[in-house]
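Heads up, the thing below is written out as structure tokens.
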């Protein structure tokens, strides 16, 4: 029985990554029931399931023993091939990719965001990524980054974030229609003083800002800032249901996290990106949404101008979001078909 080893930034409680994990598990189980599925997770959240077996992501020795010719290592989404947050993290994933080569197994990377990478990161990552069978990128910038590193051997595909194809509850209709806006802000740590000042400026204009976090690692700093600016208690969003219910009371979302923007769009909410991270700016470009880095001049004035533009005719703007979201969802379906085609060349189907 062939084995699939699914990996990503799984098991750390980050909503976006946990949804990616669920998406790829469902895809494998629905289309390739005859394979044995292993999911590499942090030891913090090792929950067994009848659909798959959890492997400790740090036990690469055990992974090597389990892997055999005909097996597949599948990278399921995320921005894991970058060294801005940690060089050690990049080295872990590159070491992981070396294992299939010694065991006669294949590698496919799907829904990937590549970078940012330092010159050192590009130098060490390029040769390893060149050993993969196929790479699906979630934006053109990621594909360009691979080509600039000299990655030419894999089959390339440029798509969108995999969560555009995640099953959603179509009954949820987001978007607050009242005259007074309610702004949701998806927080991540860093630049706390600048963010505190920025959020207080927004609150003075639009009323209390709802602070949200998608990861337990973001809670402490978010709670501290929420207390200082007098906003409602910070909300940790653990699952899609909680986020969907929350969006019904929001006018729009400002997010430092990519998947905060993706999920807002899927629920029909307009968004504003607030990050220097290329993945956030690339997504905002796909949606034709504004995006600023923290060092942008007149940041607060620019964001408030974008909010005011939305408030001029919110109904029209909600319709624009839904039209663009429909296009992105269709592209997500195409991405799924591309990935299934790659997998069918390796794995036995239904």
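Throughout, read-outs are computed from the coordinates displayed, never taken from laboratory work. Given the structure is predicted, the values throughout are model-derived calculations rather than measurements. Glycine gets a Cβ as well: all are built from the backbone with ideal geometry, and neighbour counts include every protein chain shown.
With the simple spin-label model, which puts each label point 7 Å out from Cα in the Cβ direction, the residue 201 to residue 59 separation comes to 5.1 nm.
Using a Gaussian network model of the chain in which every pair of alpha carbons under 10 angstrom is joined by a spring, one finds that among 187, 292, 61 the greatest mean-square fluctuation is at 61. Potential lengthening of the chain between residue 304 and residue 238 amounts to 20.9 nm, from the contour at 0.36 nm per residue minus the alpha-carbon distance. Here, segment 227-285 has an Rg and a Dmax of 12.1, 33 Å when only alpha carbons are counted. Antiparallel beta bridges, as assigned by DSSP with both residues in the chain, represent about 0 percent of the total such bridges. Among rounded, prolate and oblate, which fits segment 256-319 when a ≥ b ≥ c are the square roots of the eigenvalues of its C-alpha gyration tensor, a/c under 1.5 means rounded, and a/b larger than b/c means prolate? Cα axes put segment 256-319 in the oblate bin. The fraction of all Cα pairs in the chain landing in successive 20 Å bins from 0 to the largest distance is 30, 56, 14, 0, given as whole percents. One decimal place: the segment residue 294-residue 333 gains 10.6 nm when fully extended, by the rule 0.36 nm per residue minus the C-alpha distance.
Once C-alpha pairs closer than 8 Å and six or more residues apart are averaged by separation and normalised to the residue number of the chain, the relative contact order reads 15 percent. For segment 1-111, the relative contact order works out to 30 percent when only alpha carbon pairs closer than 8 Å and six or more residues apart are counted. Where both bridge residues fall in segment 3-159, DSSP classifies roughly 0% of the beta bridges as antiparallel. Working from Cα pairs under 8 Å separated by at least six residues, relative contact order for segment 183-328 is 20 percent. For the pair residue 192 and residue 95, label points projected 7 Å from Cα toward Cβ lie 3.2 nm apart.
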